[in-house]
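Since the structure comes first, as structure tokens, the remarks are kept for the end.
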Amino acid sequence: MDIADGNMIIHVEKEVDHCVADKIKTEFEKYYIRGYVKNVIFDMSEVEFMDSSGIGMIMGRYRKMKYVNGQVMVAAVPENIDRLLKMSGVYSFVSKYDSVIEAVNRVNKKEGA
Amino acid sequence: MERDNNKVYEATVEFGTEPENEGFARMIVAGFIARLNPTLEELSDIRTAVSEAVTNSIIHGYCMQEGKIRMDCKITGNEFEVTVEDGGVGIENIKKAMEPLYTTKPELERSGMGFAFMEAFMDKVSVESTPGEGTTVRMSKKIAKEAALPECMERAVGFD
Ligand SMILES: Nc1ncnc2c1ncn2[C@@H]1O[C@H](COP(=O)(O)OP(=O)(O)O)[C@@H](O)[C@H]1O
Ligand SMILES: [Mg+2]
């Protein structure tokens, strides 16, 4: 996980289940409560497995970021994971980018404007 | 290759409610169905469905407290069947519980998509539950469909 200019980039690991989702939430919370997080970008490039706990993790970050007017984005989503995100309707509130860099550029541009 | 379309294989495991057992359950099923040569997608579908059922027993059935979960795996021909059973709190309204996005634990950031994924990724899903006694989820899926080709076709495509 890295934070630069308030953009938290979460490098999600290979297998996202209930254990991993909880770990990521706890880590996020440490920075969030101090007000360090302006936007969240999930880097999904390494993900090989995910279940609905991962969906809960993304939706949960979206709810939290809404309070601070921040965005949640997903980047580099593998095809099999994309299928799960589509089925769950995640894309109606989280936007998808081909790469982390693209997502970062997009938020920075918005904030600059 | 030897093919017996009615051959039966069975395995039963029992584990506790440590969340690490979700990964363990996925490993067991993956190993168990390897003999059917599933495609990567079939494998991923089954691992997701099993992960959902086991996670539900841990989080909802036993509310993360101690308990035993039993998983029965069976292969008959090219059909894989798995049953996940807990002796937890049970489900009052199964129909409601199976609706997409329905969850009784929003505070734990559950998405309510568990049953929806099980239904999407398996051919059949059935749930039996008695409040105060426990829940049994039974799921099945035909895998490696090409294994079901009639014998003459198999010969034609080079199996023997
Ligand atoms: N094994 C179980 N024991 C008790 N309740 C269960 C069990 N499995 C599912 N449920 C109930 O069904 C609901 C929906 O389950 P699911 O679709 O997996 O969503 P989620 O796990 O995100 O809540 C749960 O919120 C819970 O109330
Ligand atoms: Mg669930």
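Distances longer than 24 Å among the Cα atoms of chain A: what percent of all pairs is that?
Details: 990 of 6328 pairs.
In whole percent, the share of Cα-Cα pairs in chain A beyond 24 Å is 16.
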task: Could you order B:115, B:24 by accessible surface area, starting with the largest, using a probe radius of 1.4 Å?
output: B:24, B:115
task: For a quick protection proxy, order the peptides B:51-61, B:82-92, A:98-108 by their average other-Cβ count within 10 Å, most packed first.
output: B:51-61, B:82-92, A:98-108
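Under the rule of -39500 (n - 2.57) per DSSP H run of 4 or more residues, summed and divided by the residues of chain B, what mean residue ellipticity at 222 nm is obtained, to the nearest 500 deg cm²/dmol? Write down the numbers at each step before the final one.
Working: 5 runs with 49 residues, N = 160.
Using -39500 (n - 2.57) per qualifying helix, the result is -9000 deg cm²/dmol.
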- prompt: What percentages, rounded to whole numbers, describe P(r) for the protein assembly as shown computed over all alpha carbon pairs with 10 Å bin width beginning at zero?
  reply: 6, 28, 30, 21, 11, 4, 1
- line: Ranking A:107, B:118, B:23 by how far each Cα lies towards the positive end of the charge dipole of the protein assembly as shown (+1 on Lys and Arg Cβ, -1 on Asp and Glu Cβ), the top one is A:107
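Mind checking the dipole of chain A: about its Cα centre, +1 per Lys or Arg Cβ, -1 per Asp or Glu Cβ, Debye to the nearest 20? Intermediate results must be reported in sequence, preceding the final value.
Values: 16 positive and 17 negative charges, 141 e Å.
Charge dipole of chain A: 680 debye, to the nearest 20.
When you count, for each residue, the other Cβ atoms within 10 Å and take the mean per peptide, how do A:52-61, A:7-16 rank with the highest first?
Working: A:52-61: 25.5, A:7-16: 19.2.
Descending mean neighbour count gives A:52-61, A:7-16.
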query: Accessible area per residue of chain A at 1.4 Å probe, in Å²?
result: 49
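How big is the antiparallel share of DSSP beta bridges in chain A, given as a percent to the nearest 5? Show your work: numbers first, answer last.
Numbers: 3 of 17 bridges.
Percentage antiparallel, nearest 5: 20.
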message: Let me confirm one metric for peptide B:112-122, namely the mean number of other chain beta-carbon atoms within 10 Å of its residues' beta-carbons.
response: 4
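Which order do peptides A:69-77, B:104-112 fall in by mean Cβ count within 10 Å, highest first? Spell out each step's value before the answer.
Details: A:69-77: 20.0, B:104-112: 17.3.
Result, highest mean first: A:69-77, B:104-112.
What average count of beta carbons from other chains do you get within 10 Å of the Cβ of residues in B:80-90? Don't jump to the answer; show the numbers that get you there.
Working: counts 0, 0, 0, 0, 0, 0, 0, 0, 0, 0, 0.
Taking the mean over all residues of the peptide, I get 0.
Let me know the charge dipole size of the protein assembly as shown about its Cα centre in debye, to the nearest 20, where only the beta-carbon of Lys, Arg (+1) and Asp, Glu (-1) is charged. Show your work: numbers first, answer last.
Values: 34 positive and 46 negative charges, 225 e Å.
So the dipole magnitude of the protein assembly as shown works out to roughly 1080 debye.
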query: Which residue, B:28, B:75, B:46, has the most motion in a Gaussian network model of chain B that connects Cα atoms within less than 10 Å?
result: B:28
message: For chain A, what does the helix formula give at 222 nm: sum of -39500 (n - 2.57) over DSSP H segments with n ≥ 4, over the residue count, nearest 500 deg cm²/dmol?
response: -15000 deg cm²/dmol
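Just to be sure I understand: if you take the accessible area of chain A alone plus chain B alone and subtract the pair, with a 1.4 Å probe, what total do you get in Å², rounded to 100? It would help to have the intermediate numbers written out before the result.
Details: alone 6460 and 9200 Å², together 13830 Å².
Summing both chains' loss of accessible area gives about 1800 Å².
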- prompt: So between residue B:20 and residue B:79, what do we pick up on full extension, going 0.36 nm a residue minus the alpha carbon distance?
  reply: 18.5 nm
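I'd like the mean, over residues of A:87-95, of how many other protein chain beta carbons sit within 10 Å of each residue's own Cβ.
On the way: counts 6, 7, 4, 2, 0, 0, 0, 0, 0.
Averaged over the peptide's residues, the number is 2.
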- request: Give the angle, between 0 and 90 degrees and rounded to the nearest 10, that separates the Cα long axis of helix B:20-33 from the longest principal axis of the Cα atoms of chain B.
  value: 20
query: What length, rounded to one decimal in nm, is gained on full extension from residue B:144 through to residue B:6, with 0.36 nm per residue of separation minus their alpha-carbon distance?
result: 48.3 nm
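Taking the Cα centre of chain B as origin, work out the dipole magnitude from +1 charges on Lys and Arg Cβ and -1 charges on Asp and Glu Cβ, in debye rounded to 20.
200
Please list B:73, B:63 from largest to smallest accessible area, probe radius 1.4 Å, with all protein chains kept in place. Provide the component values of the computation, followed by the final result.
Numbers: B:73 5, B:63 55 Å².
Correct descending sequence by accessible area is B:63, B:73.
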task: Check cross-link reach from residue B:124 to the lysines: straight Cα distance under 30 Å, and skip same-chain residues fewer than eight apart.
output: A:14, A:86, B:7, B:68, B:74, B:95, B:96, B:105, B:141, B:142, B:145
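Suppose we look only past 26 Å in the calculated P(r) of the range B:8-159. What percent of the Cα-Cα pairs does that tail hold? Write out the running numbers ahead of the final one.
Numbers: 3088 of 11476 pairs.
The share of Cα pairs beyond 26 Å in the range B:8-159 comes to 27 percent.
The values are calculated or read from the model by the stated rules, or taken from the named source; none is laboratory data. What you see is a predicted model, and the numbers here were worked out from it, not measured in a lab. Every residue, glycine among them, receives a Cβ derived from its backbone with ideal geometry; neighbour counts consider all protein chains shown. Remember, those area values only see protein heavy atoms, side chains included, never the ligands or the DNA or RNA. Shrake-Rupley method; radii C 1.70, N 1.55, O 1.52, S 1.80 Å.
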